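Okay, structure first, notes after.
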Amino acid sequence: MRNFFEVYGKMIVGAISGWDRIRFRGTVRWLASTPGIGSYLSVNGILLKDFGKWAEGITKRVRAACAEQAERLGIPTLYLRSSKVDKEALARKVAAERGVEQGDICMFSIVEPCSAPLLRRNRATKQLDITIAPRKCVWVYHYWNDPDLGFGHTRLQTWLPLSVTVCLNGRHWLERQLQREQVGYVKDGNCFTHIEDLQRAQELFAAQQQTHWPGLLDSLLIRNCPAVREAVGHHLHYYWSADESEWATDILFGSASELDRLFPYLVHHGMLVAQSPAVMRFLGRKHAGGVLPTEVVSDLRTRYEGVRLKHWVNRNSVKMYNKAGNVLRVETTINNTRDFKVFRHPDDDDSRPPSWQKMRKGVSDLHRRAQVSQASNERYLDHMAAASVGSTLEQTLGDICRRTTRKGRRFRAINPWDADDFAMLQFIARGEIQLSGLRNRDLRAWLYPALDKGDAMTRRRASGCTTRRLALLRAHGLIKKVPKENRYLLTAKGRNVTAALLAASNADTQRLMEAAA
């Protein structure tokens, strides 16, 4: 985030990064597939004709155990008739009515979709077959405000394979950590608007990464229903994975008015130059052969709290929005982990050398997911550093519109309204260029696509023209060469110039006239 702090550091108090919401899923793998449950029934001597009665007995024991646990904890149990009910809001309302600041709050039961075993008659073989199919069953929600973890809940499927979901929030968790450390703070929802010791808060966020996740999640499951292990057998265990994770970087501004003035520029810049390749770069991905996934989407919405700009690619996203007045949040959400890599032993076999493998949803790769998410947030914020704020177009572009001298050699002015010069500036404004730099061949393919596909002599001539273009950009201070590489990066001046130029080129003339009047 160095570039962002260099540009807007005077307005900023500090920043913290860590988990926001994480949704974990627990699965008994032996029972979660058709071959697995068939094997389980065979090992335990359960005939297919008796499967229905056996499975129904497990469901009754699990539901009865949940009810007994609620009675033991002294919390209310409510049956909800619609899955559209905002269960978190209702749980908070129950907590407020009961005066629960810490501890167990309530349990809800509700019919929702699930995946569960189903017996079907096979007409061809005239035998019973078992399969996992979409169905509906009763789920039990247990809401709590844990002394260590803060507000969260567990969600248990009362039908086989007894899948479970645990939702935690790193911000609520951090609040409990700050309370134990006696660090003062101001919190609005899941957002901190002030923390007395930001460095210590970041250290506590980092401590969350050292958690033994299976042990923690197992304990939360037993808290919801102690009898769930007995229902399937003590020799079975839950495999825990992170279905969805949100990693947020919060930039705390000195005042809400400073962020209010800056935020429209950031949103406008994000919509102008965050093309599909740039969004992929934020998430640490490259595209091959110029082929982009069709799933890349950018979306701008106005929420109750403010405006949110969000970019999706393959069910993963990076978004930016303003919260609680003085907080700018950039957040990376990962649902599809297979788009990313982790350095580990293949198949967890220590005898095989480690290499870059596809990231799994399992909690063993959660540390790598945090690294990828933080890098995504940092790339996005550095990308936003190019948003032009508080300067006129003449002040920003005036310098490049005059001749200049570099190392005793004179260079012509750049004319932003000339078609060739504008195309050159438009290219270096692209998000992926601002993040990873450009080479001669990149600019050549953009400016001279026909020549770039010609014979060797034609390509050499196009390369020479591009070299002169790069020299012109360097002379005006818009790009700088990477040491020992034939690659160039945008300078702070280059980011400001390209952002201002794109903003001006996309501005509505009528609105500009009205503003000038």
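The values are calculated or read from the model by the stated rules, or taken from the named source; none is laboratory data. All values reported here derive from a predicted model rather than from experimental measurement. Here Cβ is always computed from backbone atoms with ideal geometry, including for glycine, and neighbour counts include all displayed protein chains.
Taking region 315-363 as the search range and keeping residues that are touching a Pro at 6+ places or on another chain (Cβ under 9 Å) and part of a loop (DSSP other than H, G, I, E, B), which one is farthest from Ile12 (Cα to Cα)? Please lay out each step first, then the result.
Within region 315-363, the subset touching a Pro at 6+ places or on another chain (Cβ under 9 Å) is 343-346, 352-355, 357, 363.
Those still in the list that are part of a loop (DSSP other than H, G, I, E, B) too: 345, 352-354.
Values: His345: 42, Arg352: 47, Pro353: 45, Pro354: 41 Å.
The qualifying residue farthest from Ile12 (Cα to Cα) is Arg352.
Step by step: first the residues of region 165-200, then only those that are among the β-branched types (Val, Ile, Thr) and assigned to a strand (DSSP E or B), then the one that is nearest to Trp213 (Cα to Cα). Which residue is that?
Restricting attention to region 165-200, the residues satisfying the condition of being among the β-branched types (Val, Ile, Thr) are 165-166, 183, 186, 193, 195.
Still in the running and assigned to a strand (DSSP E or B): 165-166, 186, 193, 195.
On the way: Thr165: 13, Val166: 11, Val186: 28, Thr193: 29, Ile195: 27 Å.
Applying the filter and picking the extreme gives Val166.
Please go through region 158-178 and give me each residue that is in contact with a helix residue (DSSP H, G or I) (Cβ under 8 Å, 6 or more places away or on another chain) and within 30 Å of Ile37 (Cα to Cα), ordered by number. Full working, then the answer.
The first filter runs over region 158-178 and keeps only residues in contact with a helix residue (DSSP H, G or I) (Cβ under 8 Å, 6 or more places away or on another chain), leaving 158-162, 164, 166, 170, 173-174, 177-178.
Answer for region 158-178, where residues must be in contact with a helix residue (DSSP H, G or I) (Cβ under 8 Å, 6 or more places away or on another chain) and within 30 Å of Ile37 (Cα to Cα): Thr158, Trp159, Leu160, Pro161, Leu162, Val164, Val166.
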Complete set of residues in region 216-263 that are of a type in the set (A, V, I, L, M), more than 29 Å from the chain's Cα centre (by Cα) and either at pLDDT 95 or above or under 24 Å from Ser109 (Cα atoms) (or both): Ile222, Ala227, Val228, Ala231, Val232
Verdict on Ile433 being outside the structural domain of His269 (by TED's automatic domain parsing), surrounded by 16 or more Cβ atoms within 10 Å (Cβ to Cβ) and at pLDDT below 75: yes
All positions within region 304-314 that are among the charged types (D, E, K, R) and in a loop (DSSP other than H, G, I, E, B): Glu305
Pick from region 5-31, criterion touching a Phe, Trp or Tyr at 6+ places or on another chain (Cβ under 8 Å) and among the β-branched types (Val, Ile, Thr), ranking: surrounded by the most Cβ atoms within 10 Å (Cβ to Cβ): Val28
In region 234-257, the residues that are among the aromatic types (Phe, Trp, Tyr) and either surrounded by fewer than 15 Cβ atoms within 10 Å (Cβ to Cβ) or not in a loop (DSSP other than H, G, I, E, B) (or both): Tyr239, Trp240, Trp247, Phe253
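Of the residues Arg406, Arg468, which is surrounded by fewer than 13 Cβ atoms within 10 Å (Cβ to Cβ), modelled with pLDDT of 90 or more and either of a type in the set (D, E, K, R) or not assigned by TED's automatic domain parsing to the domain that holds Met320 (or both)? Talk me through it step by step, then tell me what you get.
Numbers: Arg406 fails: surrounded by fewer than 13 Cβ atoms within 10 Å (Cβ to Cβ).
Result: Arg468 is the single residue among Arg406, Arg468 that is surrounded by fewer than 13 Cβ atoms within 10 Å (Cβ to Cβ), modelled with pLDDT of 90 or more and either of a type in the set (D, E, K, R) or not assigned by TED's automatic domain parsing to the domain that holds Met320 (or both).
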Failed condition for Glu378, given (1) at pLDDT 85 or above; (2) in contact with a strand residue (DSSP E or B) (Cβ under 6 Å, 6 or more places away or on another chain): (2)
Index of the failed condition, Val13 passing every other in (1) within 34 Å of the chain's Cα centre (by Cα); (2) free of Cβ contacts under 8 Å to residues at least 40 places away in the same chain: (2)
Any hit, region 269-284, residues being modelled with pLDDT under 80 and polar (S, T, N, Q): yes
Residue list for region 471-491, restricted to those being surrounded by 15 or more Cβ atoms within 10 Å (Cβ to Cβ) and among the polar types (S, T, N, Q): Thr491
